[in-house]
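Step one of this worksheet: look at the structure below.
The values are calculated or read from the model by the stated rules, or taken from the named source; none is laboratory data. Since the structure is predicted, the reported quantities are computational estimates derived from the model, not experimental observations. Don't worry about glycine lacking a Cβ; one is built from the backbone with ideal geometry, like all the others, and counts go over all protein chains shown. Side chains included, ligands, DNA and RNA excluded: accessible areas come from the protein's heavy atoms. Shrake-Rupley method; radii C 1.70, N 1.55, O 1.52, S 1.80 Å.
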Amino acid sequence: KAAFINFISDQEWKSIEPVSSWFGPSSFLMSSMSALFKLSMWIRHGHGYLTENLGIPVWGSYAIFGLATLFLGMVLGLVSEILG
């Protein structure tokens with residue numbers, strides 16, 4: 001606490017360079033990282049639901065997510081082929 005108060009009172013904050021716009025909280029990069037984190041949490045909760053609530057073995061949950069990934073890739077490829 002004392003170090004923080006000294007940091008403010010001695011105006012040491014003036015010597016610190018500002019954060020680049022690439023790493024700002026509202027930048028595209030940080031928004032994308034936030035979306036990926038939310039997706040990973042959704043996958044984690046889905047895995048927990050499949051294994052704990054439905055009683056599917058861990059390898060079965062992995063297989064379901066793997067097949068869902070393949071299916072989504074095929075659908076996105078088909079859509080890009082149709083639109084492209």
Under 7 Å by Cβ, and 6 or more places apart or on different chains, what pairs join a residue from the range 64-84 that is closer than 16 Å to ARG44 by Cα with one that is assigned to a helix (DSSP H, G or I) and of a type outside the set (S, T, N, Q)?
-> ILE64/LEU50; PHE65/ILE43
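Quick grid of which residues meet (1) modelled with pLDDT under 95; (2) exposed (fewer than 10 other Cβ atoms within 10 Å of the Cβ); (3) more than 20 Å from the chain's Cα centre (by Cα):
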site	(1), (2), (3)
PRO25	yes, yes, no
THR51	no, no, yes
GLY55	no, yes, yes
TYR62	no, no, no
LEU76	no, no, yes
GLU81	yes, yes, yes
So how many residues does the range 2-23 have that are open to solvent by 100 Å² or more (accessible area, probe 1.4 Å) and either under 30 Å from SER61 (Cα atoms) or modelled with pLDDT of 90 or more (or both)?
-> 0
